[in-house]
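Okay, structure first, notes after.
The values are calculated or read from the model by the stated rules, or taken from the named source; none is laboratory data. Treat the numbers as computed from the prediction; the structure is a model and nothing was measured. Cβ: placed from backbone, ideal geometry, glycine included. Neighbour counts: every protein chain shown.
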Amino acid sequence: MGNYFQPEIECASPEQIRAWQDERLMHTVRHVYDNVAYYRNLMKERGVEPGDIKSVDDLYKLPFLTKDDLRDAYPYGLLAVPLRDTVRIQSTSGTTGRRVVAFYTQHDIDLWDDCCARAIVAAGGTKDDVVHVCYGYGLFTGGPGLNGGSHRLGSLTLPMSSGNTDRQIQFMCDLGSTILCCTPSYAAYLAESICERGLQDQIKLKAGIFGAEAWSEEMRRDIENKLNIKAYDIYGLTEISGPGVSFECSEQTGMHINEDHFIAEIIDPVTGKVLPEGEKGELVFTSITKEAFPLLRYRTRDICVLSRKKCSCGRTHVKMTKPMGRSDDMLIVKGVNVFPSQIETVLLNKGYAANYQIIVSRENNSDRLEVQVEMTPEMFSDAVSEIAVREKELVDALKSMLGIYAVVRLVTPKSIARSEGKAVRIIDKRNLYE
């Protein structure tokens, strides 16, 4: 059994969770129908009225919402409360076109803090911990989310934000940070920097909560070994609230979705048909406790699987796997679906660090996939012939994982730009030739 922030909710019976969901869904549908013209029109087009939604079983009757809807309704078109009742916005990082802006009432922020506090407690956090938050602050939800969760729990919170690695490590040593919250790529960079400085024995970290990008099991083990911590995944998206939509427990076999706030479905990304539990498809969320910006059946584009298998931690909320890629920034190369996480798995299995870049281009009307991979300092001293052998080995390993040929270039250590926010893994040059 694990530690819980709100045991009566996190370990509630499936019947209780279902009762909350049915009641809150009906309330939320009525709330958006009455207060948001954009929703009302979408529902009328589908011939749906609030009275048609009596339980979670009726969810399929509602229309989907996509990022395009959020852009079309920008800025205030999906706001479901008077402006005077809102206290904050957050916004998505670096999307093309109009940004997506999400609104919060104070009540929405309180519930978000609860969700993030649950995640910190699931990672072993208590009031006695020092929570070191180096997700970005500002419009990005990572910093504010974990900051709020740490405050709610009552832990000492270090609102470091990202960047300034020397200062991060100094505070980590001087203040005895015990829980690190940041992107996995920044955690890997911090681990590398701490090892280079020989400061492993001065670090008191016991756990890390890493999210906002895809990362593989191999990368997890690498960070865990270097920092001597247990690394937990956390998932969220600005549109639904931010980090804390779901989080990992001690079992580390998927993330518990906070089902008292969010209803999850898995659909076929092409047909939109709801798939049974255990099938892989696109994750769709419905917010059922939000006041300012509740989204119904929002298509996340993340591909994953849901499971209700009993969890050893004692939590009863459904689990989602780590996203296995996205139905939109999945790369299609020579007709084959390629996910960066597949490439990362191969590299880490072969002993490389998770510093790589995928470059897709077109040559003679054909796709060309190139993977640039940083060598470790030991490899860098190898003879040219040895490096050629290593490249060939990676070409073969990638071919067996992806089913297509990729050019591999081993590059000098630290020559790929380090990320302090989300790592830029993919450079797709093909649209330049369209």
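Annotations for the structure displayed:
- Cβ-Cβ distances below 8 Å connect the following pairs, each with a first residue in region 1-18 that is polar (S, T, N, Q), a second residue that is at pLDDT 95 or above and not in a loop (DSSP other than H, G, I, E, B), and a separation of six or more residues or different chains: 3/121; 3/122; 6/114; 6/118.
- Subset of region 365-384 that is at pLDDT 90 or above and under 19 Å from residue 193 (Cα atoms) - its residue that is surrounded by the most Cβ atoms within 10 Å (Cβ to Cβ): 373
- Only residues that are more than 30 Å from residue 83 (Cα to Cα) and under 17 Å from the mean Cα position of the chain (by Cα) were counted across region 284-313, and they come to 5.
- Only one entry in 65, 79 is in contact with a Leu (Cβ under 8 Å, 6 or more places away or on another chain), of a type in the set (A, V, I, L, M) and over 30 Å from residue 3 (Cα atoms), namely 65.
- Residues in region 62-85 that are surrounded by 19 or more Cβ atoms within 10 Å (Cβ to Cβ) and among the β-branched types (Val, Ile, Thr): 81 alone.
- Sub-6 Å Cβ pairs linking a first residue in region 265-277 that is over 13 Å from residue 305 (Cβ atoms) to a second residue that is assigned to a loop (DSSP other than H, G, I, E, B) and not aliphatic (A, V, I, L, M), at least 6 apart or interchain, are 269/327, ordered by first then second residue.
- Among the residues of region 159-208, the ones that are over 20 Å from the mean Cα position of the chain (by Cα), on the phi > 0 side of the Ramachandran plot and free of Cβ contacts under 8 Å to residues at least 40 places away in the same chain come to 2 in all.
- Scanning region 40-78 for residues being touching a Phe, Trp or Tyr at 6+ places or on another chain (Cβ under 7 Å) and either more than 28 Å from residue 276 (Cβ to Cβ) or charged (D, E, K, R) (or both) gives a total of 4.
- Restricting the first member to region 395-420 and to residues that are in contact (Cβ under 8 Å) with a residue 12 or more places away in the chain, and the second to residues that are among the small types (Gly, Ala, Ser), the beta-carbon pairs closer than 6 Å and six or more apart or on different chains are 398/406; 419/185; 420/162; 420/163.
- Among the residues making up region 281-320, those that are part of a loop (DSSP other than H, G, I, E, B) and either charged (D, E, K, R) or free of Cβ contacts under 8 Å to residues at least 12 places away in the same chain (or both) are 290, 291, 297, 308, 309, 310, 315.
- Residue ID - nearest to residue 287 (Cα to Cα), chosen from residues in region 33-57 that are in contact with a Pro (Cβ under 6 Å, 6 or more places away or on another chain) and part of a helix (DSSP H, G or I): 33
- Selection within region 296-352 - buried (at least 21 other Cβ atoms within 10 Å of the Cβ), among the charged types (D, E, K, R) and farther than 30 Å from residue 8 by Cα: 344
- Residue 115 vs. criteria at pLDDT 95 or above and touching a Leu at 6+ places or on another chain (Cβ under 8 Å): no
- Residues that are in a helix (DSSP H, G or I), of a type in the set (D, E, K, R) and surrounded by fewer than 17 Cβ atoms within 10 Å (Cβ to Cβ), drawn from region 193-223: 196, 201, 217, 221
- Among the residues making up region 364-389, those that are over 32 Å from the mean Cα position of the chain (by Cα) and in a helix (DSSP H, G or I) are 378, 379, 380, 384, 385, 386, 387, 388, 389.
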